[in-house]
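*Asks:* Before anything else, here's the structure in question.
Each value in this text was obtained by applying a stated rule to the coordinates, not by laboratory testing. On a predicted model such as this, the values are computed, not experimentally measured, just so you know. Backbone-built Cβ (ideal geometry, glycine too); neighbour counts: all protein chains shown.
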Ligand code: E4P
């Protein structure tokens with residue numbers, strides 16, 4: 001399973017990119033708003049840091065508007081993926097982008113049928129939101145498992161991005177459930193690096209090392 005970072009914060013992206021773990025970036029209007037910066041400028045900076053799919057989300061609700069907005073982002077770079085909401089208008093836009101060879105990420109997916117529709121419309125990626133499902137007492141990981149089985153059975157090559165990741169266990173579970181990608185907040189990537197026994201181990205090695213006679 002590949003790892004994306006789910007943020008519009010350039011320093012978080014730079015830090016994760018330096019670890020060599022990043023295969024892509026996802027953003028959304030809320031994450032962009034949090035930064036209080038011009039989005040095109042932010043995208044340009046991200047493009048310089050990460051050589052992989054970078055999702056830029058449209059905010060129009062009609063297919064024509066989505067296509068218009070998406071084409072503006074798509075012309076910036078081949079790595080830009082247009083993120084489109086899972087609606088019937090969104091599917092029309094996905095279909096039109098696919099006809100032009102522009103990759104899309106269908107977002108706000110909460111059911112297996114929505115994922116199937118998105119894939120059939122020509123989406124390159126689908127983003128089931130596991131944390132938001134867990135929040136309302138539905139099993140987000142079960143959804144990943146269902147979508148993964150359906151795509152396998154029917155030879156669908158749309159990639160599944162486990163989104164709305166809240167903690168490191170979600171990442172492990174999403175990988176086991178068949179997600180191709182997990183898009184993680186910086187905090188979760190950071191939490192994934194840690195283990196108390198690693199810290200203890202380093203402490204003990206350094207303590208022992210300090211007793212080694214030096215010439
Ligand atoms: C996915 O691409 C979304 O940006 C994201 O994962 C949403 O997560 P949230 O539920 O934490 O807002």
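*Asks:* Which percent of the Cα-Cα distances in the chain go past 20 Å?
*Replies:* 59 percent
*Asks:* Ok, one more. Which order do the peptides 203-211, 55-63 take when ranked by the mean count of other beta-carbon atoms within 10 Å per residue, highest first?
*Replies:* For the peptides 203-211, 55-63, the packing ranking is 55-63, 203-211.
*Asks:* Then there's this: Rank these for me by crowding, 129, 4, going from fewest to most other beta carbons within 10 Å.
*Replies:* Neighbour counts put them in this order, fewest first: 129, 4.
*Asks:* Listing 192, 86, 66, 19 from the residue with the fewest other Cβ atoms within 10 Å to the one with the most, what is the order?
*Replies:* Arranged by neighbour count, lowest to highest, 192, 86, 66, 19 become 19, 192, 86, 66.
*Asks:* Rounded, prolate or oblate, given the Cα gyration tensor of region 103-215, with a/c below 1.5 counting as rounded?
*Replies:* Cα axes put region 103-215 in the prolate bin.
*Asks:* Here's another thing I want to ask about it. Using 0.36 nm per residue of separation minus the Cα-Cα distance, give me the extension gain between residue 68 and residue 167 in nm, one decimal.
*Replies:* 32.1 nm
*Asks:* Could you put 170, 154, 95 in order, starting from the residue whose Cβ has the fewest other Cβ atoms within 10 Å?
*Replies:* Ordered from fewest to most neighbouring Cβ atoms within 10 Å, 170, 154, 95 come out as 154, 95, 170.
*Asks:* So what's the gap between the Cα centers of region 157-185 and region 1-75, to the nearest angstrom?
*Replies:* Here the answer is 18 Å between Cα centres.
*Asks:* Would you kindly state how much longer the chain becomes between residue 89 and residue 75 on full extension, computed as 0.36 nm times their sequence separation minus their alpha carbon distance, in nm to one decimal?
*Replies:* 2.9 nm
*Asks:* Relative contact order for the chain: what percent, with Cα pairs under 8 Å and sequence separation of 6 or more?
*Replies:* Relative contact order of the chain: 17 percent.
*Asks:* Quote to one decimal, in nm, the extra length available between residue 138 and residue 195 on full extension: 0.36 nm per residue of separation minus the C-alpha distance between them.
*Replies:* Length difference between fully extended and current span is 17.6 nm.
*Asks:* What FRET efficiency, computed as 1/(1 + (r/R0)^6) with R0 = 35 Å and r the Cβ-Cβ distance, is obtained for residue 209 and residue 31, rounded to the nearest 0.05?
*Replies:* 0.25
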